[in-house]
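Colleague: My questions all concern the structure below.
The values are calculated or read from the model by the stated rules, or taken from the named source; none is laboratory data. Predicted model only: the values in this text are computed from it and were never measured. When we count neighbours, we look across all protein chains shown, and the Cβ atoms used for this are built from the backbone with ideal geometry, even at glycine. Accessible surface is based on the protein model in full, side chains and every heavy atom, while ligands, DNA and RNA are left aside. Shrake-Rupley method; radii C 1.70, N 1.55, O 1.52, S 1.80 Å.
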Amino acid sequence: MLFIQYVIYMFYRYEKKKEKTLSVGYFKLFQFATWKDIVMMVVGGFCALIHGTAQPLMLLVYGMMTDTFLAYELEVQALKDPNKECINNTIYWINGSVYEMMTMFAYYYVGIGIIVLFVCYFQIALWVTAAARQTQRIRKEYFRKVMRMEIGWFDCNSVGELNTRISDDINKINNAIAEQVSIFIQRISTFVFGLFVGFIGGWKLTLVVIAVTPLIGLAALSMLTGQELKAYAKAGAVADEVLSSIRTVAAFGGEEKEAERYDRNLVEAQNLGMRKGTITGFFQGCLWCIIFLCYSLALWYGSQLVIDFKELSPGIVCLQVFFAVLVGAINLGQASPCLHVFASGRAAAKTIFETIDREPKIDCFSEEGHKLDKVKGDIEFHNVSFFYPSRPEVKILNDLSMQIKAGETTAFVGPSGSGKSTTIQLIQRFYDPDGGKVTLDGHDIRTLNTKWLRSLIGIVEQEPVLFATTIAENIRFGQPGVTRDEIIQATKEANAYNFIMELPQKFNTMVGEGGGQMSGGQKQRIAIARALIRKPKILLLDMATSALDNESEAIVQEALDKVHMGRTTISITHRLSTIRNADIIIGFEHGQTVEKGTHSELLERKGVFFTLVTLQNRRTTNGRIYVECIPHSQARLTPRKPASANYARAHIVGHIFRTSKCKDDIDEHVESAPVARILKYNKPEWPYLLLGSLAAFANGAVIPFYAVLFSEIIGVRAAPKALVCLMIYTIFLFSGFVAYFFAFAKSGELLTRRLRTLGFQTILRQEIGWFDDPRNSPGVLTTRLATDASMIQGATGSQIGMVIDSLTNIGASVIIAFYVSWKLTLVILCFLPLVGLSGASQAKLLTGFANEDDEAMEEVGQVSSEALSNIRTIAGLAKESSFVESYEQKLELPLKSSKKKANIYGLCFGFAQCVIFMAYAASFRYGGYLVAFEGLQFNMVFRVISAVVTSGTALGKAFTLTPDFAKAKIAAAKFFKLLDRAPKIRLEGEKWNFRGDIDFVNCKFTYPTRPDVQVLNGLVVSVKSGQTLAFVGCSGCGKSTSIQLLERFYDPDEGQVVIDGRLSHTVNVPFLRAQIGIVSQEPVLFDCSIAENIQYGDNRRIVRMEEIVEAAKKAFLHDFVMTLPDEYETKVGAQGSQLSRGQKQRIAIARAIVRNPKILLLDEATSALDTESEQIVQSALDEARKGRTCIVIAHRLSTIRTADKIAMMSHGVVIELGTHDELMAQRGAYHKLVTTGAPIS
């Protein structure tokens, strides 16, 4: 009793667990179907139902023919009996001769064949079209709902994982609601009508056959599939993160480490796939075993009914009953792969539909909420408390109360992580406060319309995000419908007009991936123009001039001071120059305001602000002045927006980058890959392939083996012998299925993992210029890794087994047929070329459509990836609907392609099925002739006919693989094109005892995607080992480009970079980069712990915890880290989104220090630090520079005053070179830049 209770309890737990794992019912997949889709599916389903009746109807005719042949054979035998006398030697048949009766039966088959042609076409075409329409709707709904989500939701969901779900998971839903449904209906219809025909012929025998019909193993399949999808999504997230930060990965030599991390995530999915294959094989083996054991019973009982009880004729027993149930059972078995596809779709739909059904906490698309008739701009925080959703244990704002008056300029100052930027995000209503409220003109902003509220706000971010389109379009994002004159005026106000007009394409210049073709200063000026063109009531400036040089900052700041008039302005800054004229300055600490007043009032109080200014005045202030201090007290961990710019992701919207396709489009057409090469990558698994092939060979011989038995059983002469053979073969069948599925599942999963890993490694080996091409954006590459590698299984793995199974079936059937009657076999073989032609044309056409689909879906993936990656900027601009419209527009092309594919696929499938029935008609008619006029035994005719039936089934089964096979070959060709690509920058080369002498010799350079813009125009400069070289100059003059040439991200078009007397293109790239440490202007962190991010500084060895702590102390990071709940194990979030920019930059500095490099590259290394932090970190960097070659790019003179050489750059050349004192004495461009900020020409 206890045991029974325990079993019930365990079953209950399993059901509850299953319910949690897979909560999407199958019919819920169709929730987005319109009445038109429903009509198409109903008609298509009805056609599939009729198609399913074709084989049982054929067998009904078959039984009638058998009895006709038997009657004829009995008469022939009677005539040959010597004990009987025949007068006139003639027998008259009432309904004509055997030949004439066979002709009548042939006409029946022709009629069935014509009906099958039409119903097959509608069955496939209608279901594929309906699925394409529904899938498009699901994609639209999912993307629209994701774009409606509040920013806190994105903090808790990886962008890479969302992109994988949009591409891979929705494809699985499509597969679950497309032609597989009609094929499933067809198979079940054949099973049911087979039983119906069986009951008509003999209900006793049919009942015996169907006594046991197991359908098991479905729940296990679906659960494992769900886990598989999660594992693949994790791997996709890793790939997306790495490819979005490819420059950082390359700079720190992390390629091998990232490939291993990606591979680790694939192992889990691989193991789950193999387990699923083993379970599938076991249950399939059980299913077929029981079916064939039932047939053994049926054959024995049928022979009893014919011989002993005289109830049935041999034709009814063997064909109308036995063969009908056999065909029905075979179709039932062939329906099981469809169940696997349905299970995959249900598992994939769980997360997709959960997202679609989720109501956002802050809905930017909602029309609800007040829209005030007049906005003054008074903003007030009432006792606001706030935690970020992703880190609910860390309090960011602590009972914050403050008032920002309309029309005034209010500046926020305070330590990094004190909550300054968080307040701006609450004003934009990216988040709602956990306690208290934020009001605008006395109205709680939660009661206002979100989209309307954000339309009032213009924001210039600390790390500006540009979209991969033209400069004009980027500015137009600020305010749709603006004129060209308004755009020009905005760029003039932002001091961007002059540099734009110097570009060859001017306002039509493409800004590149994430604005990657622009310098930091140029990007920020475009972002300022975008904010100004909105004419906002509220202006938010988050370090708005942080990336500008002296000249640009002075002019832009003057422009910003003008546009402050009549607007509520909030400025977060480290620079005293930007807040000196502020009406009110508010000091932040620990999520609270600690000081408030004007500049002079706060100086008189001699508090925190006074200390800050005093610190600044102790330093030389000819250069940049920064005003934020961080006390030696607890700092808060503050989530921030993801980094963008040079190292960030951005993809394509609308007509983006059409110009970059140019002549390379010629190479876009990809021929399908040879299967031999696909199998070559499966070579290590040859024992499994061999085992699976042998098992498939054995399985393929099952039905032809029965073809021989049937012809013997018809005469009921060899039933006992046949039964013995059947029992023995059933034992082999079970073991064959287990071996078949396990072997091919293992080899297929290992191949998928190997190809994904190889593909990822190949991508990481490419030169950086390759990633600048929009066709190689992170979104496209991640999609390719997610889908192409798994599609290749369509040409290998279990597909090989099915091909071998089908070929064995066909081969054995043809051999049997030739042995019995070569004449009849030749007639039948005349039809095989037609079947083959149909299959070949289907494969060819579907390959073409696969090409079109992939290209169209890549463009769709680019739009979604760009939108999700830059969601904060898009939300701030209230442009979610623009991206949704663009995404929906891009979905039209895949829909048209799917509709064309549906019609061609349907026609080819119908023709292939129809030809088989025509072959039956011809074979019966000619078989009748051979029996009547050439004395062929009738059971030999049936042996040939049985072979045709089975080979026809095998051909039909083979052609159902055609779409997957076509997709697999085209996916493999694309993948192999990637694997075969040799990077333009070879990694191999010379190694030596590195010193650090660097010479730039007449270097000229243009970026690959902008060959018409000369970035470096004959750069000549050198630095000796141990010296420090500083690059200064206006934004866009080529400073950062020179660093990228040294890192060998690119090679110069002309001239040379010489390192220790060796030409850079002869140097071993990993060896060179191992000698270089870099701290970039916009540091990229990975979604792991602080300790792991610092360890990333040296991927050649295991960095000990003591070294991490030491580096953190030198970077003034340790005290802050120790205030966090998890200390060094604290997760930094995607792209460091859980940290402020100052915190991220200190981690980046620690990462460079732990590397202990021979060459140190500092690209605005302390730009995000406050005054006190900068002093200490600068001292650490000065210490780190000793004995090392150092190249510094800076706008702060304090960081370059002591440099051994200062190179003043303009338009890609050095116009002045010397020490600080020498250049000041020359009173040239450098002197002007330092003293007056005059332009450098």
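Colleague: Can you compute the FRET efficiency between His1231 and Asn398 using 1/(1 + (r/R0)^6), with r the Cβ-Cβ distance and R0 = 41 Å? Round to the nearest 0.05.
Modeller: Result of the calculation: an efficiency of 0.25.
Colleague: Can you compute the FRET efficiency between Lys374 and Ala676 using 1/(1 + (r/R0)^6), with r the Cβ-Cβ distance and R0 = 60 Å? Round to the nearest 0.05.
Modeller: 0.20
Colleague: As a test question: what accessible area, to the nearest 10 Å², does Phe507 have when a 1.4 Å probe is rolled over all protein chains in place?
Modeller: The accessible area of Phe507 comes to roughly 10 Å².
Colleague: On to the next question. Once the dipole of segment 1039-1082 is set up with Lys and Arg at +1 and Asp and Glu at -1 on Cβ about the Cα centre, which of Leu1046, Ser1064, Ile1078 lies farthest towards its positive end?
Modeller: Ile1078
Colleague: Where the centroid of each part is defined by its Cα atoms, how far is segment 131-153 from segment 367-415 in Å?
Modeller: 31 Å
Colleague: Sticking with this structure for a sec: Amide H neighbours of Thr593 under 5 Å, counting only residues 5+ apart in sequence or on other chains, H built in-plane at 1.01 Å?
Modeller: Amide H neighbours of Thr593: Ser401.
Colleague: Once each part is reduced to its C-alpha centroid, what is the distance from segment 1198-1237 to segment 163-199 in angstrom?
Modeller: Using only Cα atoms to place each centre, the spacing works out to 73 Å.
Colleague: What figure, in Å² to the nearest 10, do you get for the accessible area of Ile815 with a 1.4 Å probe and non-protein molecules left out?
Modeller: Its heavy atoms expose roughly 120 Å² to the probe.
Colleague: On to the next question. Might you work out the accessible area of Ile904 for me, using a 1.4 Å probe with all protein chains in place, and round it to the nearest 10 Å²?
Modeller: Approximately 50 Å² of Ile904 is accessible to the 1.4 Å probe.
Colleague: Tell me the label-point distance for the pair Asp1053, Ile38, using the 7 Å Cα-to-Cβ offset, in nm and rounded to one decimal.
Modeller: 6.2 nm
Colleague: Then there's this: How long is the gain from Lys535 to Cys156 if the chain were fully straight, where each residue apart is worth 0.36 nm and the alpha carbon distance is subtracted?
Modeller: 133.1 nm
Colleague: Roughly speaking, what is the centre-to-centre gap between segment 889-935 and segment 1033-1089 when only Cα atoms are used, to the nearest Å?
Modeller: About 61 Å separates the Cα centre of segment 889-935 from the one of segment 1033-1089.
Colleague: Also, quick follow-up: Roughly how many Å² is the accessible area per residue of segment 94-194, as a whole number, for a 1.4 Å probe?
Modeller: I get 32 Å² per residue for segment 94-194.
Colleague: While we're on this one: Using heavy-atom solvent-accessible surface (probe 1.4 Å) with all chains present, what is the largest-first order of Leu207, Leu162?
Modeller: So the residues, ranked largest to smallest area, are Leu207, Leu162.
Colleague: Sticking with this one: Leaving ligands, DNA and RNA out of it, rank Thr53, Thr569 by accessible area with a 1.4 Å probe, largest first.
Modeller: Thr53, Thr569
Colleague: Between Glu141 and Lys899, with labels modelled 7 Å along Cα→Cβ, what's the label distance in nm to one decimal, could you check?
Modeller: Going from the Glu141 label point to the Lys899 one covers 2.1 nm.
Colleague: So how do Val915, Val594 rank on accessible area, 1.4 Å probe, biggest first, that is with the largest at the start?
Modeller: Putting Val915, Val594 in descending order of accessible area: Val594, Val915.
Colleague: Next up: Asn1068 to Asp434: FRET efficiency via 1/(1 + (r/R0)^6), r the Cβ-Cβ distance, R0 60 Å, to the nearest 0.05?
Modeller: The computed FRET efficiency comes out at 0.65.
Colleague: Quick one: which of Lys257/Lys1039; Lys405/Lys451; Lys1004/Lys1114 span more than 32 angstrom between C-alpha atoms?
Modeller: Beyond 32 Å between Cα atoms: Lys1004/Lys1114.
Colleague: Counting only protein heavy atoms and using a 1.4 Å probe, what share of the accessible area of segment 1009-1090 belongs to carbon plus sulfur, as a whole percent?
Modeller: 47 percent
Colleague: Compute the length gained on full extension between Ser1022 and Phe818: take 0.36 nm times their separation in residues and subtract their Cα-Cα distance, giving the result in nm to one decimal.
Modeller: 65.1 nm
Colleague: Further, regarding this structure: Using 7 Å Cα-to-Cβ label points, what is the Ser1179/Glu888 separation (nm, one decimal)?
Modeller: 6.0 nm
Colleague: Write down, largest first, the equivalent ellipsoid semi-axes of segment 1005-1111 in whole Å, where each equals the square root of 5 times an eigenvalue of the alpha-carbon gyration tensor.
Modeller: For segment 1005-1111, the semi-axes come out at 29, 17, 14 Å.
Colleague: Evaluate the charge dipole of segment 1018-1101 about its Cα centre and quote only its size in Debye, nearest 20, assuming +1 on the Cβ of each Lys and Arg and -1 on the Cβ of each Asp and Glu.
Modeller: Here segment 1018-1101 has a charge dipole of around 300 debye.
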